[in-house]
Every structure is written in C-alpha cells, then in structure tokens.
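J.: Structure below; questions to follow.
The values are calculated or read from the model by the stated rules, or taken from the named source; none is laboratory data. Remember, it's a predicted structure, so these values are computed and weren't measured experimentally. Using ideal geometry, Cβ is built from the backbone for each residue, glycine included, and neighbour counts are taken over all protein chains shown.
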Amino acid sequence: MSARRTVLLTGATGVVGRSLLREPGAVRLLPAARAATVPDAGEPVVRCDVTRERFGLDADAYAELAARVDVVIHSAGLTEWGLPAERYAPVNVEGTRRVIEFAREAGAPVHFMSTAFVAALADTAPVPLRAENVCRNYITSKYAAEELLRSSGIPHAIYRPTNLIGDSVTGWTSHPQIVQQMSDWLGRGRAPFLPVHPGIRMDFVPQDLLSKAVLRAIERGDDEGEWWVTLGPEAMDVETCVGIVVKQAAERGRHLTVPPLLDADGLAPETIAEQPPMTRSYLSVLRDVSEVTRCSGGVLPTSMPELRDRYGLPAVDDTAAYATTLAYAARHLA
C-alpha cells in the first residue's frame, strides 16, 4: 500500500512496544500507554488504559482518536507468569475486548501479540499441560483473547512469538526478560541440575524480527493471518544453549561446571522441593517452560520460512543472537 497508515500501538512501554517504536518503517505509530511518557516515541503519547471503557477517554476524545487510526497493534498485556487467572483477565482478555470495540469504531484491523505457547493447549498436544504449570493461566488468557478476535468479525492478524531476546545485532532490549534472568542465574553457577524434557528445542527469537514482521505486514496491507514467530526445528538444543551460557560466564571470569540435565518427567517431587527457595523457584520455572515445549510437540510450530520470504526478514543465527543478548544484559541490565 502506498498511503502512510496511522497505527495505534497499545502497550507502547513494553518490550515489544519499545522494539516497534525503534524499528524504521513507513507507518505512523501513535504510542498508547497509561504512562505519560514513552521512550523512543516519535509522536505524543495517547493516554490509554485498555481495561477501561473507551480506554478511559471521554466520548469526544475517543471518537477523535478512532477517526485518526487506520490500524491497531495490540501489544498491551500482562506477561508475568505464575499469577492467578483473575489477574490476567482485565488486561489480556477484557482489554482485547475493548480493543475490538475500538477497532470496530475506527474501521481498523487489529494486529495482536499473542504467544507461541498457545500450542500447548491445542487438541493435538501429545500430552496435556498440567493445571499447575506456572505458564498455564497466562497462556489461557492469550488463547481466550485470540478466540475473541476470531469471533469478532474484525480483520485481524495474530502473531505468536516464542520467548523474545534482545535485538539481533546489538542485543538491546528495554527490560530484562525471563531468558536473560534465567541465563544470568545459570551463569552464576546457581543451578545444581537442569530439569528438561529430552529432545526439546530452546526457541529464542530476537525482538526486532517480530517488529519487522508486524510493521512490514501493515505497510503491505496484510491485515489477516496467523504467524508463529519462532524458529521451530532451526532452534538450538538444550546442550548448545547451556554451552553458550558457560562460555559467556568464562568471558566474565566465572568458570562453571555444566550442571547435569535431568529428565523432568522422571524427577521425584522432592528433588526440586528440597532445594533452597530461590533455587526451587528457578528450577520449577525451567521444568514448566520445558513442559510447555514438550506439550507443543517438543518443537514449536513455525512460520519463519514464510515470514522471511514474504517480508524479507533476515536469517539470524540464534546462537550468535543469544550470545549477543547475554553480553548486552551483563553490561546494561545486571
């Protein structure tokens, strides 16, 4: 499409929102957030709370905003794991309902940021995801949001990224995320063992690949589709991932012994339960994230080959990008 499209970006202060704002593109991004200021914003911030009717705006301001907007990127969401289901509903589910209402008013398609982990809830999952899995309530809320979009009649595109890491070239990220936090813990020699399911892939995607895919889709007017922003079978295995952490630690003067990899299904409950509280917490998250991948078939579904062909996404070496992310985190996020 040749006309420059005006795009309302919810969740502009988040990791994905900040990455989108830094990515060059031929669209006009209107950053929307509850905060008064948003770093990297090239436009005045739209004070917006997706949990409130009309985003918390009065009727005139809401109508004026709807008249300006051609497309919505819905990136606002609660992404922390391990919370009760009722904590996710106001933002992840009802917030999406509010976005749909706004999109209908604006006559705008919605580009929605979901998660690749919804694959673990599919009817085709080889094993069911445990009810107590730390990710389950978060995943369920994203799945519910997708269902709202599918039943809305609003043109929409759904993006399902795996765990995101920093920029593929610089390692930059606006906030530390679970990958950086877990890697730092492991790199400090705190892991007595690693509970993982054999054969799974450690699927990490640089955040700028997601941003490029979304913006190029909008520029082209591709406002429908479902995209798995993952590496799938190209992703590194667990041993490679741990080797990168060990190498990065050595470069900072820490010499680690590689912790043993234990089959998560074969662990006696007390193996994790008897660990000190912080260690127990990290090991439980590792086990549960591994379970999500196992329930997704061990290898996440991927649309990356098509995204590369369609939108010119670069082919990124995930091991190099992961190492760059860890180096950036050590310098700037510690």
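J.: Is it the case that some residue within region 179-200 is over 30 Å from GLY253 (Cβ atoms), crowded, with 22+ Cβ neighbours inside 10 Å and not charged (D, E, K, R)? Even if it seems obvious, please write down each step before you answer.
T.: So the first thing to find is which residues in region 179-200 are over 30 Å from GLY253 (Cβ atoms), and the list is 197-200.
Now narrow it down to the ones that are crowded, with 22+ Cβ neighbours inside 10 Å: 200.
When the remaining residues are screened for being not charged (D, E, K, R), the result is 200.
Yes, the conditions are met somewhere in region 179-200.
J.: What are the pairs, 6+ residues apart or on separate chains, where a residue within region 202-220 that is more than 10 Å from SER19 (Cα to Cα) has its Cβ under 8 Å from a residue that is crowded, with 24+ Cβ neighbours inside 10 Å and among the aromatic types (Phe, Trp, Tyr)?
T.: As it stands, the answer is PHE204/TYR322; ALA213/TYR159; ALA213/TRP227; VAL214/TYR159, since those pairs meet every condition given.
J.: Yes or no: region 116-123 includes at least one residue that is in a loop (DSSP other than H, G, I, E, B), at pLDDT below 95, surrounded by fewer than 17 Cβ atoms within 10 Å (Cβ to Cβ) and more than 21 Å from the chain's Cα centre (by Cα).
T.: Going through region 116-123, the residues in a loop (DSSP other than H, G, I, E, B) turn out to be 122-123.
Subset that is at pLDDT below 95: 122-123.
Narrowing further to those that are surrounded by fewer than 17 Cβ atoms within 10 Å (Cβ to Cβ): 122-123.
Pick out the ones that are also more than 21 Å from the chain's Cα centre (by Cα) and you get 123.
Scanning region 116-123 turns up at least one residue that is in a loop (DSSP other than H, G, I, E, B), at pLDDT below 95, surrounded by fewer than 17 Cβ atoms within 10 Å (Cβ to Cβ) and more than 21 Å from the chain's Cα centre (by Cα).
J.: Can I ask one more? Among the residues of region 172-202, write down those that are aromatic (Phe, Trp, Tyr) and within 20 Å of ASP317 (Cβ to Cβ).
T.: Taking region 172-202 and keeping what is aromatic (Phe, Trp, Tyr), we get 172, 185, 193.
Across region 172-202, the qualifying residue is only TRP172.
Yes/no matrix, rows are residues, columns are (1) within 24 Å of PHE117 (Cβ to Cβ); (2) out of contact with any helix residue (DSSP H, G or I) (no Cβ under 6 Å at 6 or more places or on another chain):
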| residue | (1), (2) |
| --- | --- |
| GLU224 | yes, yes |
| MET236 | yes, no |
| GLY253 | no, yes |
| ASP265 | yes, yes |
| SER281 | yes, yes |
| SER296 | yes, no |
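J.: How many residues, within region 308-320, are of a type outside the set (Phe, Trp, Tyr), in a helix (DSSP H, G or I) and surrounded by fewer than 22 Cβ atoms within 10 Å (Cβ to Cβ)? So that I can check it myself, show each step before the final result.
T.: Of the residues in region 308-320, the ones of a type outside the set (Phe, Trp, Tyr) are 308-310, 312-320.
Then keep just the ones that are in a helix (DSSP H, G or I); that gives 308-310, 318-320.
Adding the requirement that they be surrounded by fewer than 22 Cβ atoms within 10 Å (Cβ to Cβ) leaves 308-310, 319-320.
Residues in region 308-320 being of a type outside the set (Phe, Trp, Tyr), in a helix (DSSP H, G or I) and surrounded by fewer than 22 Cβ atoms within 10 Å (Cβ to Cβ): 5 in total.
J.: May I pose another question? Go through region 163-181 and count every residue that is closer than 17 Å to VAL289 by Cβ and not in a helix (DSSP H, G or I).
T.: Filtering region 163-181 down to residues closer than 17 Å to VAL289 by Cβ leaves 163-165, 176-181.
Pick out the ones that are also not in a helix (DSSP H, G or I) and you get 163-165, 176-177.
Residues that pass the stated criteria total 5.
J.: LEU20 is checked against (1) outside any helix (DSSP H, G or I); (2) crowded, with 23+ Cβ neighbours inside 10 Å and fails just one. What number does that condition carry?
T.: (1)
J.: Pairs, please: C-beta under 7 Å, at least 6 apart or cross-chain, first residue in contact (Cβ under 8 Å) with a residue 12 or more places away in the chain and in region 276-304, second assigned to a loop (DSSP other than H, G, I, E, B) and of a type in the set (Asp, Glu)?
T.: LEU300/ASP203
J.: Of the numbered conditions (1) under 28 Å from LEU209 (Cβ atoms); (2) at pLDDT below 95; (3) of a type in the set (Asp, Glu), ASP265 satisfies every one except a single condition; which is it?
T.: (1)
J.: If you go through region 52-67 one residue at a time, do you hit one that is assigned to a loop (DSSP other than H, G, I, E, B), touching a helix residue (DSSP H, G or I) at 6+ places or on another chain (Cβ under 8 Å) and farther than 30 Å from LEU231 by Cβ? Walk me through it before giving the result.
T.: The initial filter retains those residues of region 52-67 that are assigned to a loop (DSSP other than H, G, I, E, B), namely 52, 57-58.
Now drop any that are not touching a helix residue (DSSP H, G or I) at 6+ places or on another chain (Cβ under 8 Å), which leaves 52, 57.
Okay, now just the ones that are also farther than 30 Å from LEU231 by Cβ, so 52, 57.
Checked against the condition, which is being assigned to a loop (DSSP other than H, G, I, E, B), touching a helix residue (DSSP H, G or I) at 6+ places or on another chain (Cβ under 8 Å) and farther than 30 Å from LEU231 by Cβ, region 52-67 yields at least one hit.
J.: Restricting to region 221-235, name every residue that is more than 30 Å from GLY266 (Cβ to Cβ) and either crowded, with 23+ Cβ neighbours inside 10 Å or at pLDDT below 95 (or both).
T.: Our first condition is that a residue be more than 30 Å from GLY266 (Cβ to Cβ); within region 221-235, this holds for 221-227, 229.
Once the filter is applied, which keeps residues that are more than 30 Å from GLY266 (Cβ to Cβ) and either crowded, with 23+ Cβ neighbours inside 10 Å or at pLDDT below 95 (or both), region 221-235 yields TRP227, VAL229.
J.: Which residues, counting only those in region 175-216, are of a type in the set (S, T, N, Q) and at positive phi? Before you say what the answer is, go through the steps one by one.
T.: Residues of region 175-216 that are of a type in the set (S, T, N, Q), as a first pass: 177, 180-181, 183, 207, 211.
None - no residue of region 175-216 is of a type in the set (S, T, N, Q) and at positive phi, so the list stays empty.
J.: Taking region 36-51 as the search range and keeping residues that are loosely packed, with under 14 Cβ neighbours inside 10 Å and out of contact with any helix residue (DSSP H, G or I) (no Cβ under 8 Å at 6 or more places or on another chain), which one is farthest from GLU101 (Cα to Cα)? Lay out the reasoning, then the answer.
T.: To start, the set of residues in region 36-51 that are loosely packed, with under 14 Cβ neighbours inside 10 Å comprises 36-37, 39, 42, 44.
Filter again for out of contact with any helix residue (DSSP H, G or I) (no Cβ under 8 Å at 6 or more places or on another chain), leaving 36-37, 44.
Details: ALA36: 24, THR37: 25, PRO44: 23 Å.
It comes out as THR37.
J.: A follow-up question, please. Pick from VAL245, VAL238: which is buried (at least 20 other Cβ atoms within 10 Å of the Cβ) and either of a type in the set (Lys, Arg) or modelled with pLDDT of 95 or more (or both)?
T.: Values: VAL238 fails: buried (at least 20 other Cβ atoms within 10 Å of the Cβ).
So the residue among VAL245, VAL238 that is buried (at least 20 other Cβ atoms within 10 Å of the Cβ) and either of a type in the set (Lys, Arg) or modelled with pLDDT of 95 or more (or both) is VAL245.
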